[in-house]
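For reference, the structure is listed below as structure tokens.
Readers should treat all values here as calculations from the given coordinates under stated rules, not as data from a laboratory. Keep in mind it's a predicted model, so treat the numbers as computed, not measured. Every residue, glycine among them, receives a Cβ derived from its backbone with ideal geometry; neighbour counts consider all protein chains shown.
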């Protein structure tokens, strides 16, 4: 895997870490890697945009190293973010499948994020032609659709405060559970939570300070601690209704 | 196609009208039809629910005749609806693909809706094993994902009034265009619009009456007329920002 060159345009690295491609024989995966355009990105740099005419316009982007974020912006410039994708995943598959304009932008979150861009046509042939890959792609799209459906339900039925509670619960469940508590590291940035539940940074700060005062949340130097996971769960379920 | 029996459980009808299956040879499509459980539903009857243990729990549902609606309910009982599906389409593919609980219910909208239920396993084999069907399924899921993303952006950035304007614009574009006007038939039910943009019937009624007073919307006995499509478009784009 190329790690010490910033210009990777002529270096075909390895796609061995990409989950989607794991069922392929190694030789076939190496052939896919050679068809890719490789590039390293700085943190904050745009990987996929709305611009036309760019060569990567309908490419799928395999995240080989680093981490990327999928974001859109409202007319007022507010950021609405979708799921982050870690190394081993991929983004940009919607336009690569249907050829329609990009539904969102993708930016590098980690410094030195390495992307392998595969053009739309070979990507389509790859995922439709192999039954195992076809099934993986359908499961991937179905998973995204379930997350989107949950978010639509939350936006439709919960107020901003409760959406922040629900996001904290999701973060807590991915964190380290210690008895009744859950430890979230690193401390989530208010703006990131705001972008994920479509509210303002100010609302997130206010909800967190209310939860601190109630003793439900404790801010340590390096972690955010949910002191009673069950109480937070109840706070969310009471409003959502558990249906 | 069975049309005069209400109990279709032993009658294998034809799946020739199902778009997804059109690329299959006729004999193979007939074999799929024989593996289905066939049933006719009354308008308003539930086709897929959240219940466990039902035999159709993870089946995909081909809509052979009629029309169905995908809906969820908030804790307060408010209906949140997703796209309707006409004859020729299918619903329930998410649980059929991933085996997880149903994300929403499906109800028959048209009287005498005929559904062919195909169990999860043969459905998965069908759509992963045929490259053309695999590609259709991916395009289907991508299309749903784009609609969901648009809805998330609308819920995140538009107020309820503007979401009603955006829904009217979508209905108008599917309707009959006459010069600068668009004719929507049948007249949409306030509750249906409300469920699709996650607001109340009262808000829909108020927005429509405001638009009538401004002369932008005219209610005829059998149709709702948008008298100036461009003005409605501008109303939506000014707020959304066109990005």
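The table for this structure:
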quantity: Nearest 10 degrees, 0 to 90: helix A:160-174 Cα axis against chain A principal axis; calculated: 60 degrees
quantity: nm² value of the averaged projected area, convex hull over the Cα atoms of segment A:62-212; calculated: 11.1 nm²
quantity: Most fluctuating residue given options B:214, B:228, B:84, as computed from a GNM of chain B linking Cα atoms under 10 Å; calculated: B:214
quantity: Sites residue A:31 and residue A:230 - FRET efficiency at Förster radius 56 Å, r taken between beta-carbons, to 0.05; calculated: 0.65
quantity: Residues A:165, A:140 arranged by fewest to most Cβ contacts within 10 Å; calculated: A:140, A:165
quantity: Tail beyond 17 Å, pair distance distribution of segment A:158-240 (Cα, percent); calculated: 40 percent
quantity: Degrees, to the nearest 10: B:120-129 long Cα axis against longest axis of chain B; calculated: 80 degrees
quantity: Label distances, nm, residue A:143 versus same residue in remaining copies, Cβ-directed 7 Å point; calculated: 2.5
quantity: Value of [θ]222 nm, deg cm²/dmol, for chain B, DSSP H segments ≥ 4, -39500 (n - 2.57) each, nearest 500; calculated: -13000 deg cm²/dmol
quantity: Residue order, fewest to most surrounding Cβ atoms within 10 angstrom, among B:62, A:41; calculated: A:41, B:62
quantity: Principal-axis tilt of helix A:26-35 within chain A, Cα atoms, nearest 10 degrees; calculated: 90 degrees
quantity: FRET efficiency estimate (nearest 0.05) - Cβ-Cβ, residue A:121 to residue A:71, R0 25 angstrom; calculated: 0.40
quantity: Quotient of C-alpha Rg and 2.2 N^0.38 Å, computed over segment B:168-208; calculated: 1.22
quantity: Label point 7 Å beyond Cα along the C-beta direction, distances from residue A:16 to other copies (nm, shortest first); calculated: 5.4
quantity: Other copies of residue B:101: label-to-label distances in nm, shortest first, labels 7 Å along the beta-carbon direction; calculated: 3.9
quantity: Cα convex hull volume per residue for the protein assembly as shown (Å³); calculated: 176 Å³
quantity: Neighbour-count order for A:81, B:14, fewest beta carbons within 10 angstrom listed first; calculated: B:14, A:81
